[in-house]
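Only one structure is covered here, and it is reproduced in the block below.
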Amino acid sequence: MKKNVKNNVYWIGYMDWDLQTFHGDDYTIHHGSAQNAYLIQEEKTVLMDTVWAPHQFEFVENLQSEIDLNTIDYIVVNHGENDHSGSLPALMKLIPDTPIYCTANSVKSLEGQYGKQGWNFHVVHTGDSLDIGHGKKLIFVEMTFLHWPDSMATYLTQDNILFSMDAFGQHIAVEGLFEDQANQEQIFNEAMRYYANIVAPFSPLVTKKVKEIVAMDLPIDMIAPSHGAIWRENPLKIVEAYASWANRYQEDQITVVYGTEWHGTEKLAYALAKEIHKQSPQTVVKVFNVDHTEKDDIVFEIFKSKAIAVGSPTILNGILASMAGFLYYLKSLRFKGKKAAVFGCYGWSGEGNKVLREMLEKAGFDVISDEIKSSFNPEKEEYDQIPQLVKTLLD
Ligand code: FEO
């Protein structure tokens, strides 16, 4: 079943209410997701993207129930990742000569995934356009590294729809197609969580691309991403949000993340949180055990934070493996402009804080020199150091 987006533009994607994880099992999904593909039926018929490989036969069947596949004049591939191109092999078996419009890097990614099948690729660059009849055109905009080197957006003139691919998307399944038909706060939060975990490493490029899109001065009535809801009510709101998220975004929040063996480091974590509340009652303080909360949820909270405190006991001359894994992930996201403090208990050698400090510095955090290092369980001496550490973190 296709659903109308606007005039002769239809949604023909896959609403995945059941999805639990994404990127294999690397990214946690809480509210399902959608792989959005679109069908444009003007004088020319255009299929824009497809859906993930596990749903390819269902996708092709659905498409066949709506149109004769041989009437598809053009396929646009905005991005080669499998969640959007995974149905191409099944589809192209049925219409092998249909022209595919995409970037040069998309050719590389599609042939890398599906082999050299002799598909009829037409490589496009920013500003290239394709006439689709009734006076309408598709204009292509390369979105290199947002988030893959092959990423592209496509703008439909007259209907003023920007098909933005992963950019501006959210992993959320919605019954209505549009953000104004759903829980807007939830959609906005999922968009930010998506940004923090997937787009953030490319923030400098986001700033540049947002300026480029604004400078093109194209009227935009809708932004139709490849995941989640379509932005229809004030669509530029999400563009402005991206500009702000790309610019060292922070709220008045401090996140405390810890791992613990025998609960000593945990005691320090909660004592730190209590002191932050005391010194700055308006500041939002959240505390997470790195072994209890999904890494992408903690990262979302860190993305919103102006500062963090990270604790681990010393174990085997280092830190807990789960914390090391988490900090490795955090480093890859390249957050900027956030302070950090370290803390932890130790029994014998006590290298934990040093390792935490080094990893956080490499992750781009401004690590303050104050730290809490407790031999076995924290005592008065360690608790007495907490107010000064919090004061430095808040300054
Ligand atoms: Fe939704 Fe980068 O794929």
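The values are calculated or read from the model by the stated rules, or taken from the named source; none is laboratory data. It should be emphasised that the depicted structure is a prediction, and the values quoted were computed from it without experimental measurement. A quick note on method: Cβ atoms are made from the backbone with ideal geometry, for glycine too, and the neighbour counts reach across all protein chains shown. We work out accessible area using only protein heavy atoms, side chains counted, and drop any ligands, DNA or RNA first. Shrake-Rupley method; radii C 1.70, N 1.55, O 1.52, S 1.80 Å.
Below, the figures for the structure above:
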| read-out | value |
| --- | --- |
| Pairs with Cβ under 8 Å, 6+ apart, first in segment 154-170 and away from the ligand (no atom under 15 Å from the Cβ), second among the hydroxyl-bearing types (S, T, Y) | I161/Y155; L162/T154; L162/Y155 |
| Selected residue [surrounded by fewer than 19 Cβ atoms within 10 Å (Cβ to Cβ) and assigned by the TED database to the domain that holds K44] from D166, D83, D131, D150 | D131 |
| Those residues of segment 1-56 which are touching a Phe, Trp or Tyr at 6+ places or on another chain (Cβ under 9 Å), surrounded by fewer than 24 Cβ atoms within 10 Å (Cβ to Cβ) and at positive phi, in sequence order | G32 |
| Residues of segment 255-271 that turn out to be part of a helix (DSSP H, G or I), open to solvent by 60 Å² or more (accessible area, probe 1.4 Å) and touching a residue at least 24 places away in the same chain (Cβ under 8 Å), as a count | 1 |
| Search result, residues across segment 208-230 that are assigned to a helix (DSSP H, G or I) and exposed (fewer than 15 other Cβ atoms within 10 Å of the Cβ) | K208, K211, E212, V214, A215 |
| Residue in segment 225-238 that is assigned by the TED database to the domain that holds N36, within 16 Å of the ligand (Cβ to nearest atom) and either without any contact (Cβ under 8 Å) to a residue 24 or more places away in the chain or on the phi > 0 side of the Ramachandran plot (or both) present | yes |
| Those residues of segment 66-77 which are away from the ligand (no atom under 16 Å from the Cβ) and closer than 27 Å to S33 by Cα, in sequence order | E66, I67, L69, I72, Y74, I75 |
| Positions within segment 20-45 being within 18 Å of F57 (Cα to Cα) and not hydroxyl-bearing (S, T, Y), in sequence order | A34, Q35, N36, A37, L39 |
| Qualifying position, being closer than 28 Å to K6 by Cβ, touching a Lys or Arg at 6+ places or on another chain (Cβ under 9 Å) and within 16 Å of the ligand (Cβ to nearest atom), among G80, G86, G133, G32 | G80 |
| Within segment 48-65, tally of residues that are away from the ligand (no atom under 16 Å from the Cβ) and touching a Leu at 6+ places or on another chain (Cβ under 8 Å) | 2 |
| Residue in segment 238-254 that is closer than 30 Å to F343 by Cα, in contact with a Lys or Arg (Cβ under 6 Å, 6 or more places away or on another chain) and part of a helix (DSSP H, G or I) present | no |
| Identity of the residue in segment 336-352, hydrophobic (A, V, I, L, M, F, W, C) and open to solvent by 10 Å² or more (accessible area, probe 1.4 Å), that ends up farthest from P378 (Cα to Cα) | W348 |
| Lone qualifier among T265, T255, T260 - being of a type in the set (S, T, N, Q) and touching a Gly at 6+ places or on another chain (Cβ under 6 Å) | T265 |
